[in-house]
1. HN-Hα J couplings of the stretch 119-135 from phi, Karplus 6.51/-1.76/1.60, θ = phi - 60°, integer Hz, Gly and Pro as x?
2. Around Leu143, with a cut-off of 9 angstrom between Cβ atoms, what is the net charge of the other residues, counting Lys and Arg +1 and Asp and Glu -1?
3. Taking K and R as +1 and D and E as -1, what net charge do the other residues with C-beta under 12 Å from the C-beta of Phe55 add up to?
4. Could I have the simple spin-label model distance between Ser171 and Lys25, label points 7 Å from Cα toward Cβ, reported in nm to one decimal?
5. Hey, if you drop one equal point scatterer on each alpha-carbon of the stretch 16-109 and run the Debye formula without solvent, what base-10 log of I(q)/I(0) do you get at q = 0.11, 0.19 Å⁻¹?
6. Give me the net charge of Gly206's neighbourhood, meaning all other residues with Cβ under 13 Å from the Cβ of Gly206; Lys, Arg count +1, Asp, Glu -1.
7. Two decimals, Cα atoms only, Kirkwood Rh: what is Rg/Rh over the chain?
8. What pairs in Lys74/Lys194; Lys25/Lys129; Lys94/Lys194; Lys25/Lys194; Lys54/Lys129; Lys74/Lys129 have C-alpha atoms more than 27 Å from each other?
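Here, each number is a calculation from the coordinates, and none is a lab measurement. Keep in mind that this is a model prediction, so the values were computed, not measured. Because the Cβ atoms are built from the backbone with ideal geometry, glycine has one as well, and the counts that use them run over all protein chains shown.
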Amino acid sequence: MPNTPTPSKLVIPRLIVGLGNPGTKYRNTRHNIGFDVVDALAQTWRIPLSENRKFQAQYGETPNPQDGKIHLLKPLTFMNRSGQSVRAVVDWFKLSPESVLVIYDDMDLPVGRIRLRLSGSAGGHNGVKSIISHLGTQSFPRLRVGIGASDKLSRGDRNGAVVAHVLGRFSPDTNQQISAVLATTVEAIELSLKQGVEKAMSLFNGRNIDAHESGSRHSL
């Protein structure tokens, strides 16, 4: 009798981490889009976020009908030390790295695109580098949100142009599209909680999100 392939285990996030830098100076910058996604989730699911010193983060949680609790996290350690906060939560709740979904900005994706992956390198992102270092693995899912690239990257001081771009804010005429991106990202995360990250990858990775789209906003 031929062997029946074993179905792959669903990857269901339990800890959802948005990356950014704390403080009003960095609020609404491109580099803080991970914070913005977690704020959108908290608002949609009506989860209060409050400072948790043990986790060095803004933290909130909600029951998950499928499995235990869903944890929301915005590290307050600054971007390049985000792994400290993530590791504290993982250790406290005894979570596996595969259950940690990390959300962050990506200059290689245009505005209006998101991309989910099950694992991978940091791709030069300091927050993800820190998380890989503290978890000791690259095997955790991540959701990258496109912030586009600056036209100044091809000339002059590239490093300076990168910093200026990621720490800059979206233009007023892009804000409506960013609102649609946040709503669609919430929708993608909600699907990953119910049907797994791979299912959400298949439906959202190729989608172009324009200013007229809106995701489904509801509680878990």
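1. For the stretch 119-135, the Karplus curve yields 6, x, 6, 6, x, x, 8, 5, x, 5, 4, 5, 5, 4, 5, 7, 8 Hz.
2. +4
3. Here the charged neighbours net out to +1.
4. Between Ser171 and Lys25, the label points sit 2.7 nm apart.
5. Each listed q maps to, in turn, -0.29, -0.87.
6. +3
7. Looking at the chain, the ratio lands at 0.97.
8. Details: Lys74/Lys194 22 Å; Lys25/Lys129 23 Å; Lys94/Lys194 21 Å; Lys25/Lys194 36 Å; Lys54/Lys129 22 Å; Lys74/Lys129 16 Å.
Where the Cα-Cα span goes over 27 Å, the pairs concerned are Lys25/Lys194.
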